[in-house]
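Take a look at the structure set out below.
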Amino acid sequence: MTQRQVCFATSSFPGLNTGLFFSTSEALWAMAVLGVLVGWLTPVFYFLLLLLFTAFLGYCAYMKYVHMKYDHIPGPPRDSFIFGHIGTFMKLTRDDDKLIFDQFLKWSEKYGPVYRLNFLHTVIICVTCPHATKEILMSPKYLKDKQFHKRIFNLFGERFLGNGLVTVIDHDLWYKQRRIMDPAFSSLYLRGLMGTFNETAEKLMDKLSEEADNQTEVSMLKLVNCVTMDVIGKVAFGVELDLLNKSSPFPRAIEAVLLGLIKHARDIFFEYNPKNRAFIKEVREACRLLRTTGAQWINERKKAIENGENVPKDILTQIIKSAGQGENTKATDECKLGCNSQFIFICQETTANQLAFCIMELGRHPEVLEKLRQEIDEVIGMKRDVSYDDLGNLTYLSQVLKETLRLYATAPGTNRDIPEDIVIDGIHIPGGVTFSSYVSSRMEKFFKDPLKFDPERFHPDAPKPYYCYYPFSLGPRSCLGLNFAQMEAKVVMAKLIQRFDFTLVPGQSFDIMDTGTLRPKSGVLCTIKHRHSD
Ligand code: HEM
């Protein structure tokens, strides 16, 4: 190359491959153009910088306004003026040994029945005041919080809960869906599910029998998770999963989407951290797996309906009916179908976690277990199956299950938008509020010696907790599956205690893990023995 030649050595420059070079005059011309461009761009750059700075100042002023509007509400000191409490939240979300709800509990005890948390310009008001809980949760006037539900509409770009029953905000849309789903959860329909509850629980008993013979340690959480998933597969979608005997990607997929959900909802930077790429990929795949499986079950059922086959009036049939209502497009119908089936499939997790926590507490409280055994022996005796009428007679078991959800609210919180200002406990509230049964159920002012596992709190003659215990939420948006879940839990527990002795493996932790739903961290490792040798 001579001194007069300038080579533009960028691989995308077309002249490079053809050996095209420029003379000095051309280079000077190019530099002049560049000079003009820089001359033009510099003021534009400064203007943009000024604009950005002004926008930042505007945002800071808005932030100051938000602070002034809400700072009369007590709350922990902010980590930073702009980010508010995001730093604390991210630390808690990233620390697997800490439970965010325990921090909420500490703040509730310190700052009282209403306290505030700041997230950029958004303010969250946490409430444990029973009167406000009653007023807000029981009323259809207060809708679910839009911001939160927007964040879980999609999960890392994959459609997740969308506009399904649990996430839909609009009251009328929700009401239509809920009315259609109701028959699949009516007591008449649930009575007919006793056979399935018994048969599936029986498979668990067979499995436990093998484990008792082999004297192996078992994770009760894993086993009950298989049972509840098998039940929901059968009664909601008409499919036999048989997870107690076959391996399946579903349990891990559900765990991944739930964990992804809390990371996505609580840590705004999670998605952008390269360290999390592999996990995000797994969550996306899990979402797709659950959606496509749901879609396959839906299509099979739709075909059966079209062919005039006699289909059960189960949850899936009701979901299909609900999608055909209103002025929805085919696309929103498909979305609703997928979202509802995904959600129902995920719901069973909360029951499995309740069962596992219950077994854990019984293992730690032999006196409670003994009393329960007596009741079960009296009501069920040596019968193989638990009948619908038996369920009503297992009152101490009901108390034990309620106490389990008091200490371990497996679905720990909910939230509502407050369209107009209200006053809670003498404090003027201008915004959305969040509630947590986990928090209020563990407060000394509502439950004496709150960390003690004591089913007598729910004795039929004991005073009822006043709007401080609501593991299934309250009011119109409360859990549709409450009776379903508690019937299933009773059948599993009654059979387990009727047939087996279980002992917790020593040295395991009794900590709680937050995976979107709360679950026992240890998995509840037990050794099993037959109660009756015959
Ligand atoms: C121990 C077990 C369970 C617990 C503690 C529980 C708890 C809850 C809670 C707290 C909510 C309200 C969520 C919110 O406000 O965002 C809810 C909603 C719901 N749950 Fe459950 N749940 C359980 C089991 C189930 C089961 C097994 C099913 C279905 C088979 C189910 C179906 C639903 C549905 C459809 C909703 C949405 C209701 C609506 O918005 O109209 N749940 N559940």
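What to note about this one:
- Restricted to the stretch 193-269, the set of helices (runs of 4 or more DSSP H) holding at least 2 residues that are in contact with a Pro (Cβ under 9 Å, 6 or more places away or on another chain), in contact (Cβ under 8 Å) with a residue 24 or more places away in the chain and under 30 Å from LYS98 (Cα atoms) comprises 220-237.
Conditions tested, residue by residue: (1) within 22 Å of the chain's Cα centre (by Cα); (2) under 30 Å from ARG277 (Cβ atoms); (3) within 13 Å of the ligand (Cβ to nearest atom); (4) not hydroxyl-bearing (Ser, Thr, Tyr).
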{"site": "LEU165", "(1), (2), (3), (4)": "yes, no, yes, yes"}
{"site": "ARG179", "(1), (2), (3), (4)": "no, no, yes, yes"}
{"site": "ASP182", "(1), (2), (3), (4)": "yes, no, yes, yes"}
{"site": "TYR189", "(1), (2), (3), (4)": "no, no, yes, no"}
{"site": "LEU204", "(1), (2), (3), (4)": "no, no, no, yes"}
{"site": "THR228", "(1), (2), (3), (4)": "yes, no, yes, no"}
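- Selection of the stretch 260-279 for residues being modelled with pLDDT of 85 or more and surrounded by fewer than 19 Cβ atoms within 10 Å (Cβ to Cβ) yields GLU271, TYR272, ASN273, PRO274, LYS275, ASN276, ARG277, ALA278, PHE279.
- Index of the failed condition, GLU309 passing every other in (1) over 30 Å from ILE359 (Cα atoms); (2) more than 21 Å from the chain's Cα centre (by Cα); (3) part of a helix (DSSP H, G or I): (3)
- Within the stretch 98-139, being polar (S, T, N, Q), more than 19 Å from SER473 (Cα to Cα) and surrounded by fewer than 21 Cβ atoms within 10 Å (Cβ to Cβ) holds for GLN103, THR122.
- Inter-residue pairs, beta-carbon under 6 Å, first closer than 17 Å to VAL492 by Cβ and at pLDDT 95 or above and in the stretch 375-390, second among the charged types (D, E, K, R) and surrounded by fewer than 15 Cβ atoms within 10 Å (Cβ to Cβ), 6+ apart: TYR388/ARG191
- Scan of the stretch 287-320 for residues that are basic (Lys, Arg) and either touching a helix residue (DSSP H, G or I) at 6+ places or on another chain (Cβ under 6 Å) or within 24 Å of GLU158 (Cα to Cα) (or both), ordered by number: ARG288, ARG291, ARG301
- Hits in the stretch 345-398 (condition: within 15 Å of the ligand (Cβ to nearest atom) and of a type in the set (Phe, Trp, Tyr)): PHE345, PHE357
- Lone unmet requirement of (1) within 30 Å of LEU117 (Cα to Cα); (2) within 14 Å of the ligand (Cβ to nearest atom) for LEU401: (1)
- Any chance SER509 is within 16 Å of the ligand (Cβ to nearest atom) and surrounded by fewer than 20 Cβ atoms within 10 Å (Cβ to Cβ): no
- Per the conditions (1) under 19 Å from PHE472 (Cβ atoms); (2) in a helix (DSSP H, G or I), the sole criterion not satisfied by TYR142 is (2).
- Selection status of LEU117, in a strand (DSSP E or B), touching a His at 6+ places or on another chain (Cβ under 8 Å) and hydrophobic (A, V, I, L, M, F, W, C): yes
- Within the stretch 131-167, considering residues that are touching a Ser or Thr at 6+ places or on another chain (Cβ under 8 Å) and not hydrophobic (A, V, I, L, M, F, W, C), the one nearest to MET63 (Cα to Cα): GLN147
- In the set GLN103, GLN147, only one residue is within 21 Å of the chain's Cα centre (by Cα) and either touching a residue at least 40 places away in the same chain (Cβ under 8 Å) or in a strand (DSSP E or B) (or both); that residue is GLN147.
- Positions within the stretch 509-534 being more than 18 Å from THR350 (Cα to Cα) and part of a strand (DSSP E or B), in sequence order: LEU525, CYS526, THR527, ILE528, LYS529, HIS530
- Selection status of GLY475, within 16 Å of the ligand (Cβ to nearest atom), of a type in the set (Gly, Ala, Ser) and crowded, with 18+ Cβ neighbours inside 10 Å: no
- Number of residues in the stretch 174-201 that are of a type in the set (Asp, Glu) and either within 30 Å of LEU143 (Cβ to Cβ) or in contact with a Lys or Arg (Cβ under 7 Å, 6 or more places away or on another chain) (or both) equals 1.
The values are calculated or read from the model by the stated rules, or taken from the named source; none is laboratory data. Just so it is clear, the structure is predicted and the values come from calculations on it, not from any experiment. Cβ sites come from the backbone with ideal geometry, for glycine too, and all protein chains shown count toward neighbours.
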